[in-house]
Amino acid sequence: MDSTYKLDSMDFAILAHLQADGRRSFTALADELDVSVGTVRNRYNRLVQENILHIIGWTDPVRAGFNSYARVNIEVRPTALLHQVADQLLLLQEVTFLAFTSGSYDLEINLLCKDNLQLMEVMHEKIHKVEGVYETNTTIYFKVLKWASHDVSSALTADALTTRDKSEIKEK
């Protein structure tokens, strides 16, 4: 697969429509975008094949009973264990996000737990026992006002437009 696949305005339009309603049919998309169903199907398949588009069902964690959400910054020592620590953390089902970071800490994770008791158990019985975890700094989120969004449709800029698209915009 070509990792340098360039999105154009049609790709962004399809993504925007699917982000608004992931169950929208190819026929409905084709009608709204004034293209053939085959065009939508081919673009959709390419976006999935290139791992740009992932169709998922998103569950609201709070409504599902997960009431403890925290960010944990982790310092790893010795630093030679960084990737080993990350690999171990990836195995924990409570870890919903993991990234290598710059600054005072080496890793950042997000934990999603049923309650603070479970959060404390995960910290003490799982995370702190991972070889190489030297120090942690935990921030508990009291109330999440906006969950992470993967909406890239607003990222459509003049740079992402094809030459044809730019000329169409100038005409309007």
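None of the figures in this text is laboratory data; all of them are computed from the coordinates on show. Treat the numbers as computed from the prediction; the structure is a model and nothing was measured. Here the Cβ positions follow ideal geometry from the backbone for every residue, glycine too, while neighbour counts run over all protein chains shown.
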Cα centroid of segment 28-46 to Cα centroid of segment 55-69, whole Å: 31 Å
Sorted by Cβ density within 10 Å, fewest first, the residues ASP21, ASP34, ASP11: ASP34, ASP21, ASP11
Other-chain or far-sequence residues with amide H under 5 Å of THR96's (modelled H): ASN110, LEU111, LEU112
Diffusion constant of segment 7-58 at 20 °C, which comes from Stokes-Einstein with the Kirkwood Cα-pair radius and 1.002 mPa s, µm²/s: 195 µm²/s
